[in-house]
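The values are calculated or read from the model by the stated rules, or taken from the named source; none is laboratory data. A quick note: this is a predicted structure, and the numbers were derived from the prediction, not measured. Cβ atoms come from the backbone with ideal geometry, glycine included; neighbour counts cover every protein chain shown. Quick note on the areas: whole protein, heavy atoms, side chains included, nothing else; ligands and nucleic acids left out. Shrake-Rupley method; radii C 1.70, N 1.55, O 1.52, S 1.80 Å.
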Amino acid sequence: MKRRHLIVLGSAGIGIVAALNWVKTRPLANRATATMTPTVYTSQNGFLEVDFTAAVRSVQVGNRTANLLSYNGKSPGPRLEARPGDTVRIHLQNQLDQPTNLHYHGLHITPQGTGDNVFLSVAPGKTFTYEFTIPADHPAGTFWYHPHHHHHAAVQVFGGLAGLFVVRGELDDIPEVKAAQEEFIVLKDYEIDRAGNVPPADHTALMMGREGSLVTVNGQINPGLSISQGGLLRLRLLNASASRFYRLQLENHSFQLIATDGGAIATPVELSELLLAPGERADVLVQGNQTPSTYRLLNLPYNRGGMAMMGGGMGHGMGGGMGHRGGRSAEAPQPLASLIYQGSDTTLPFPQQIGTVATLPEPTVTRRIELSMAMGHGMAMEFWLNGQPYDPQRIDIEAKLGTVEEWELVNVDPDQMDHPFHLHVNPFQIISRNGQPEPYHAWKDTVLVKGGETVRIRIPFQTFTGKMVYHCHILNHEDLGMMGNIQIVA
Ligand code: C2O
Ligand code: CU
Ligand code: CU
């Protein structure tokens, strides 16, 4: 197995900022990291044009300064904001020592040419200009961008490359949503060694999907989020981690889910906790209806499986005693951020109706996709879809534009590891999990398929022809073969 490591740039950025950052966010963005680089780029007059430099830079994350992969010196990268109908132009300059590219996760845009084309490769030292138009009927939602170069996706996202791509529209204009205080929550973990560099991944990390021990919200440790008594807080959450799952709970408060990966749902759904697999997003409202105090946003322990087989077979620093389902994310609840009551408001209600989610017709084609892993050549594990690793030249699925398909995603991983399945360009709806109908309609682009589980999804192939991919969003698994090509034809 080929491993690529980040080239380390000297030790310019060493130095530990000791104090924990208790930051009153409003806005969360402009603090500490004193650079002039904007943290948000917003489209003007139907046009968003941005210069992006992907490079190793000294970046402050949490209480550390580290040499991270960054866009314009930032990790997470700047937030991009556009509207339906806008034209987007991004000049990506690659100052890394390896090829890269950009993927627009969740956007329904063309996969061809200079659009969401993950087959493009921008060589070190080169610049490439992406240009695409967001369809005028595109839903508003929380999307994101990150590199997607095969074999480099995990190391580049883990190293720091990822940012939000927000489409503003109808959802944002609902009066109750508009009245809420909006905060973005980018969940991202990092691993930084004593010299301030990202150490190479070990074998176990590659197999399980690498998790970093420094868990941050918008690159900060335990930032404060303010809420007024009676007011509404809108949290727009993104799991931008390469492999880490987040099982979120807010002390004494529930979440009112108003949008999923692909935008608004019909009516709010109350959740006491929220599991976000890598790549997933959620848009929730929180009501300031508790005794004014400080409440913790917690990451609860979650076991995402795996390790039994690898522990038995590989003898690679794992010991024999790990047992089954060893992919535990944390032993105890971990505080991610703090909700701080400040001031009071006239009590704001939750919205009743958020959006409409179409009921999809019966599918014309059904397919079965099995997710698994196995020993490949030598000692290397491979991750498979339908019994084979990714082949960039092979078309695994050909679908017809304008049709609706139903895919049965079956996790047959002998190691019972969870695998979040993601499809580019066309959002889908979850029909059922293990035969249990999904309780409400929602647009998704990433769905968790737990060890042993079968999930049925329904996909309308709309607007765009071309070649794109579907894959596990544990990015080490994607890089190790858990991906396929789909060609949509007219
Ligand atoms: Cu966010 Cu193909 O991935
Ligand atoms: Cu994607
Ligand atoms: Cu996976």
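Couple of notes before you dig in:
- In the context of the full protein assembly, Glu370 retains an accessible surface of approximately 60 Å², using a probe radius of 1.4 Å and ignoring ligands and nucleic acids.
- By definition, a body whose alpha carbon gyration tensor gives a ≥ b ≥ c is oblate when a/c is 1.5 or more and a/b is not larger than b/c, and region 374-467 fits this oblate description.
- Only DSSP H runs of four or more residues enter the estimate; each adds -39500 (n - 2.57), and after division by the residues of the chain the mean residue ellipticity at 222 nm equals -1500 deg cm²/dmol.
- Surface accessible to a 1.4 Å probe, per residue, for the residues of region 343-445, Å²: 49 Å²
- The solvent-accessible area of Ser344, taken with every protein chain present and a 1.4 Å probe, is close to 90 Å².
- Put the Cα centre of region 141-206 next to the Cα centre of region 440-463 and the gap is 21 Å.
- Estimated at the nearest 10 Å², the accessible area of Phe428 is 0 Å² with a 1.4 Å probe.
- Surface listing: Ile369, Ile395, Ile340 arranged by accessible area from highest to lowest gives Ile395, Ile340, Ile369, probe 1.4 Å.
- Estimated vicinal HN-Hα couplings, Hz - region 381-391 in sequence order (Karplus 6.51, -1.76, 1.60; Gly, Pro = x): 7, 10, 10, 10, 10, 6, x, 9, x, 4, 10
- Probing with 1.4 Å while keeping every protein chain in the model, the per residue accessible area of region 122-256 equals 27 Å².
- For the set Lys126/Lys400; Lys126/Lys450; Lys126/Lys444; Lys74/Lys450; Lys178/Lys467; Lys188/Lys444, the pairs lying more than 30 angstrom apart at their alpha carbons are Lys126/Lys400; Lys126/Lys450; Lys126/Lys444; Lys74/Lys450; Lys178/Lys467.
- Under the shape rule built on the C-alpha gyration tensor, where the axes satisfy a ≥ b ≥ c, region 179-266 is prolate, since a/c reaches at least 1.5 and a/b is greater than b/c.
- Cα gyration tensor, region 387-436 - rounded (a/c under 1.5), prolate or oblate: oblate
- Estimated distance in nm for a label pair at Glu182 and Leu360, the labels positioned 7 Å out from Cα along Cα-to-Cβ: 2.8 nm
- Surface composition of the chain: carbon and sulfur atoms hold 51% of the protein heavy-atom accessible area at a 1.4 Å probe.
- Each peptide in 168-175, 209-216, 248-255 was scored by the mean count of other Cβ atoms within 10 Å over its residues; highest first, the order is 209-216, 248-255, 168-175.
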